[in-house]
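Each remark here refers to the structure printed beneath this line.
The values are calculated or read from the model by the stated rules, or taken from the named source; none is laboratory data. Just so we're clear, the structure is a prediction, and the values are computed from it rather than from any experiment. Quick reminder, even Gly has a Cβ in these numbers, built from the backbone with ideal geometry, and neighbours come from all protein chains shown. The protein model used for the area step is the full one, side chains on, heavy atoms only, and it has no ligands, DNA or RNA in it. Shrake-Rupley method; radii C 1.70, N 1.55, O 1.52, S 1.80 Å.
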Amino acid sequence: MASNSANLVSEQSDLSWLKGRAPLIGLTGGIGSGKTAVSDLLGKLGAGIVDTDVIAHQITAPKGIAIPAIEQQFGANYLDANGALDRDKMRALVFAKPEARKTLEAITHPLIRQETIKQAEVLIAKGVPYLVFVVPLLIESGSWQGLIDYLVVVDCPEEVQITRVMQRSNLPRPEVERILKAQTSRKDRLARADIVIENQGSFEELDTEVNRLHQKILQIKKDQLSSS
Ligand code: ATP
């Protein structure tokens with residue numbers, strides 16, 4: 001492997017080379033469960049964070065790498081005045097036409113993957129103690145199963161999710177309930193979790209839980225090193 005981040009980028013075509021280099025944590029949870037809150041706290045503690053939702057936004061922002069293909073496939077009508085993907089318009093389209101979702105995902109998924117690999121390479125080169133992949137639909141997607149060492153699920157009751165998302169995103173309740181229904185059920189997600197982070201209390205309580213999680217992962221890393 002090359003030794004600096006400038007010439008590391010895109011040498012890898014997938015993430016399998018990461019196995020055994022550092023604990024690989026998958027972080028998921030339903031809409032509004034608190035994935036970002038947890039990953040922000042872990043990031044402050046020194047974890048390497050690769051957030052696929054953030055990447056999805058970056059590539060569809062003005063001048064984002066997905067914009068030319070989106071414009072070509074869907075037309076400039078699906079871009080806003082700044083040249084970013086018009087999310088509301090696209091959401092309405094893919095909701096009405098499942099084949100449009102497939103077309104969009106055929107553009108975005110390979111680019112998200114490419115960017116995920118790039119960011120993971122840079123973080124590993126920086127020497128982070130472990131990597132956290134924030135993937136909202138990790139369980140639904142299937143493609144992460146072989147890679148992740150530990151699956152962390154952020155959990156809170158659905159009513160808490162609904163209230164938080166309505167407040168944060170100014171969405172009506174039926175819209176939030178519709179998104180929630182389209183995701184894996186809470187029960188199935190919890191059944192798959194190696195570690196559950198409860199997030200129905202205050203931010204202070206979450207902070208305590210996340211600190212505990214961080215220590216646990218560092219211990220896993222120590223155990224990995226001493227057994228290798
Ligand atoms: P999404 O799935 O929509 O990306 P998410 O799982 O990343 O959401 P966050 O964005 O972290 O969830 O949290 C959703 C909302 O709930 C945010 O407005 C956040 O500030 C708030 N929130 C998260 N955790 C708590 C908490 N413990 N107490 C109060 N509010 C919280």
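List of remarks:
- Given (1) away from the ligand (no atom under 16 Å from the Cβ); (2) open to solvent by less than 30 Å² (accessible area, probe 1.4 Å); (3) over 27 Å from G48 (Cβ atoms); (4) of a type in the set (A, V, I, L, M, F, W, C), index of the condition A191 fails: (2)
- For segment 115-141, the set of residues classified as open to solvent by 40 Å² or more (accessible area, probe 1.4 Å) and not acidic (D, E) consists of K118, Q119, V122, A125, K126, G127, L137, S141, listed by residue number.
- Cβ pairs under 6 Å, 6+ apart, first in segment 148-169 and more than 30 Å from D14 (Cα to Cα), second surrounded by 18 or more Cβ atoms within 10 Å (Cβ to Cβ) and polar (S, T, N, Q): C156/S33; C156/N199; Q161/S33
- Candidates G46, G83, G75, G30, filtered to the one that is touching a residue at least 40 places away in the same chain (Cβ under 8 Å) and at positive phi: G46
- Whichever residue in segment 201-226 is more than 16 Å from the ligand (Cβ to nearest atom) and either open to solvent by less than 70 Å² (accessible area, probe 1.4 Å) or among the β-branched types (V, I, T) (or both) and, among such residues, is farthest from the chain's Cα centre (by Cα): Q224
- Here Y150 meets each of (1) surrounded by 18 or more Cβ atoms within 10 Å (Cβ to Cβ); (2) closer than 18 Å to E140 by Cβ; (3) among the hydroxyl-bearing types (S, T, Y) with one exception, condition (2).
- Looking at A92, A56, A96, A84, just one residue is crowded, with 16+ Cβ neighbours inside 10 Å and away from the ligand (no atom under 12 Å from the Cβ), and that residue is A84.
- Condition met for I197 (surrounded by 13 or more Cβ atoms within 10 Å (Cβ to Cβ), among the β-branched types (V, I, T), under 14 Å from A47 (Cβ atoms) and within 13 Å of the ligand (Cβ to nearest atom)): yes
- For segment 170-181, the criterion of a residue being open to solvent by 80 Å² or more (accessible area, probe 1.4 Å), within 12 Å of the ligand (Cβ to nearest atom), at pLDDT below 95 and over 20 Å from F133 (Cα atoms) is satisfied by at least one position.
- The set of residues in segment 154-169 being within 9 Å of the ligand (Cβ to nearest atom) and open to solvent by less than 80 Å² (accessible area, probe 1.4 Å) consists of V154, C156, V160, Q161, T163, R164, V165, S169.
- Within segment 66-81, the set of residues being open to solvent by 80 Å² or more (accessible area, probe 1.4 Å) and part of a loop (DSSP other than H, G, I, E, B) comprises just one member, A81.
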